Amino acid sequence: MQGSKDVLDLLTKLKDTRLNLAIFLVSNLVLVLINQKLITLNSVSETVLQGLVFVTSIRLVYAVIGAIIDFFNNKKFIKNKEAETALKLEQDKMAITQAREKMLFNFRELDVFQLYIIQELKRQNHIRIPKGAPLFTLKNMNIIYTPAVSDKTETASLTNKASELLNEAVWDEFDDLKYGAAKRFFVGLQPEEVKCFIEFLANDNIKTTNSYRGSTSYYDSYYVFKKYSDTTLFSQPQRGTEYKIDSIAKDVIFSIYGEQPEAVNG
């Protein structure tokens with residue numbers, strides 16, 4: 001009797017499903033053989049076998065229920081994981097689109113100084129730029145980066161995203177960007193400086209100095225144009241002290257001030 005109790009106690013500690021299934025099948029087989037009177041066991045042994053069948057059947061049912069629950073839980077987990085992955089991909093895609101739209105907006109708001117830098121970087125991979133607002137603004141917009149820095153200048157290159165966007169979209173509308181930037185520039189320009197630019201309505205090229213017998217005199221336009229020499233207002237590259245107006249900038253001057261220089265005084 002004690003031996004049978006020890007067997008049942010041992011069985012309660014067995015968690016392996018395959019072992020429980022083996023005990024369940026063997027016990028049932030032995031009980032069938034007993035019922036068929038093919039083998040004979042005492043009543044205690046038969047009771048133990050019936051106990052084994054009962055306990056292992058509970059264990060097997062419990063295992064089946066656990067497997068079913070695990071199946072649905074795993075299915076739910078996988079579904080939730082797929083939903084999370086899809087959401088993350090959508091969020092990443094949206095973030096990329098938003099970053100692209102923001103950079104495109106920034107490109108469209110650049111001034112004549114900043115557009116000049118972009119124009120030059122389109123022609124060559126990197127250029128040296130004096131430290132100042134145009135440089136720092138473009139860096140803050142993540143349009144350029146500066147791999148080399150000195151006391152007064154920085155070597156700038158387009159970021160990968162800016163270069164990609166410039167080639168895909170911005171360059172196709174660059175003339176429009178130049179027009180808009182030039183218009184904003186001239187609208188905010190001081191009248192005494194406007195007078196110098198209005199001279200371009202009569203001539204595309206203006207000399208800002210005059211040399212006579214070894215002496216050089218400087219016109220007012222020299223000091224004005226020198227401030228804006230590195231912009232998209234002038235045809236590039238600029239040589240010497242003679243300035244050639246960019247055709248788009250000239251169109252803007254004409255659209256604002258008309259043909260008469262007196263328009264600046266109106």
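The values are calculated or read from the model by the stated rules, or taken from the named source; none is laboratory data. Computed from a predicted model, the values in this text were never measured in an experiment. No Cβ is skipped: glycine too gets one built from the backbone with ideal geometry, and neighbour counts run over all protein chains shown.
Consider the range 125-140 and keep the residues that are at pLDDT below 95 and aliphatic (A, V, I, L, M). The one that is nearest to L115 (Cα to Cα) is L135.
When you go through E242, E164 one by one, which is the residue that is over 24 Å from F136 (Cα atoms) and among the acidic types (D, E)? Walk me through it before giving the result.
Working: E164 fails: over 24 Å from F136 (Cα atoms).
E242 is the lone residue from the list that is over 24 Å from F136 (Cα atoms) and among the acidic types (D, E).
Note on the range 116-167: residues that are in a strand (DSSP E or B) and within 18 Å of Y228 (Cβ to Cβ) total 3. Restricting T97, T153, T146 to residues that are polar (S, T, N, Q), in contact with a Lys or Arg (Cβ under 6 Å, 6 or more places away or on another chain) and not assigned by TED's automatic domain parsing to the domain that holds Y228 narrows the list to T153. Contact annotation: residue pairs with Cβ atoms under 7 Å, 6 or more positions apart or on different chains, pairing a residue in the range 30-51 that is in the same structural domain as N20 (by TED's automatic domain parsing) with a partner that is modelled with pLDDT under 80 and of a type in the set (D, E, K, R), are I34/E46.
Quick check on R59: is it in contact (Cβ under 8 Å) with a residue 40 or more places away in the chain and within 30 Å of I118 (Cα to Cα)? Walk me through it before giving the result.
Values: in contact (Cβ under 8 Å) with a residue 40 or more places away in the chain: yes; within 30 Å of I118 (Cα to Cα): no.
Judged against the criteria, R59 is not a match.
Among residues of the range 80-136 being among the polar types (S, T, N, Q) and without any contact (Cβ under 8 Å) to a residue 24 or more places away in the chain, the one that is surrounded by the fewest Cβ atoms within 10 Å (Cβ to Cβ) is Q124.
Yes or no, residue by residue, for (1) among the aromatic types (F, W, Y); (2) within 19 Å of D16 (Cα to Cα); (3) touching a helix residue (DSSP H, G or I) at 6+ places or on another chain (Cβ under 7 Å):
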site	(1), (2), (3)
T47	no, no, no
L52	no, yes, yes
V61	no, yes, no
I68	no, yes, no
E82	no, no, no
T85	no, no, no
